[in-house]
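Below is one structure, written out as structure tokens, with a few remarks after it.
The values are calculated or read from the model by the stated rules, or taken from the named source; none is laboratory data. Bear in mind that the values here come from a model prediction, so they are computed numbers and not experimental data. When we count neighbours, we look across all protein chains shown, and the Cβ atoms used for this are built from the backbone with ideal geometry, even at glycine.
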Amino acid sequence: MESLALPSLNALTVPTSSFHKEQSKKLLGKARHFNSLKPSSLKLTPSISTHPFNSGGIRMQAGEEDYDLRQMRDMAAAKKRWDALLREGKVKVLAPREAGYAIQLSNKTLLDVRPSSEHVKAWVKGSTWIPIFDVDNGFDAGTLSRKITTFAMGGWWSGAPTLSYNKQFLSKVEEKLPKDTDVIVACQKGLRSLAACELLYNAGYRNLFWVQGGLETAEEEDLTREGSQPLKFAGIGGVSEFLGWTDQQRVQAAREGWGYRLLFSARLVGVFIVADALFIGAQQVGRYIQDIRSH
């Protein structure tokens, strides 16, 4: 890519035929990671589950299907816009390793748009962090309802927090980065960074680069990292992380061998022991209460 002035980055443009097939699967699969997108141009409706045993179950199920259909339509429309940005070269494509070269050799700026829950675990040295969505710490009725929904729909397993759109995203970017800056935009999986690229392009930024696949696909040698964990582990959490049942941890276990696996096997055994202890304790308390009542 001429604008990067790096010979090793000349072949950054992915062929549209293979690229679109691959990205169609990836982007549609990642749509549920969005929560409460505010800008109308990025609107992706989060799915809501309804209880199947309610008296109006059929009507609610139909409503849920309509919700899912709207989500699919919104995602398809967003994907079409993002594909156009990439196909027309308005946003250039970089692999994580190529992004590392660009940062080190050409002093390009990496804009990290991940939420604080991911950024606090690991970040690229020297990067600029401005989340496009961040953890919603509100306690109003609407936020609490969304938190409960997020938790019930898998947040307890994945550790995914409830996020809300950062209304100051564009203004903060404009404060720190002039519009003629070469900006490499990255998130954890590659979806939110595409949304950020669209907002930035519409705001007048013309030298935009997107990290394909996100920081989750980066190897340790690709980017200079700071923080307590590898970049690819920054997006995992919840029970799945504790038990070592994420894809990232499985790959790590295959590399490091039995020592790594034994750690998580011990945790799983510990969970069963604690569960049994709680069950036995509850039974004893129940019997104690019955004895008190009988006397």
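Details
- So Ala266, is it within 21 Å of Ser158 (Cβ to Cβ), aliphatic (A, V, I, L, M) and either more than 26 Å from the chain's Cα centre (by Cα) or surrounded by fewer than 10 Cβ atoms within 10 Å (Cβ to Cβ) (or both): no
- Among the residues of the stretch 105-138, the ones that are out of contact with any Leu (no Cβ under 9 Å at 6 or more places or on another chain) and modelled with pLDDT under 95 come to 2 in all.
Yes/no matrix, rows are residues, columns are (1) touching a helix residue (DSSP H, G or I) at 6+ places or on another chain (Cβ under 6 Å); (2) over 17 Å from Gly235 (Cβ atoms); (3) assigned to a loop (DSSP other than H, G, I, E, B); (4) hydrophobic (A, V, I, L, M, F, W, C):
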| residue | (1), (2), (3), (4) |
| --- | --- |
| Ile103 | no, yes, no, yes |
| Trp123 | no, no, no, yes |
| Gly138 | no, yes, yes, no |
| Leu144 | no, yes, no, yes |
| Trp157 | yes, no, no, yes |
| Pro161 | yes, no, yes, no |
| Ser164 | no, yes, no, no |
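- Only one of the numbered conditions (1) charged (D, E, K, R); (2) at pLDDT 95 or above; (3) within 21 Å of the chain's Cα centre (by Cα); (4) loosely packed, with under 13 Cβ neighbours inside 10 Å is violated by Lys80, and that is (2).
- Of all residues in the stretch 229-246, exactly one satisfies the criterion of being free of Cβ contacts under 8 Å to residues at least 24 places away in the same chain and either surrounded by 23 or more Cβ atoms within 10 Å (Cβ to Cβ) or within 17 Å of Val211 (Cα to Cα) (or both), namely Lys232.
- Selection of the stretch 180-207 for residues being out of contact with any Pro (no Cβ under 9 Å at 6 or more places or on another chain) and under 12 Å from Ala99 (Cα atoms) yields Asp182, Val183, Ile184, Val185.
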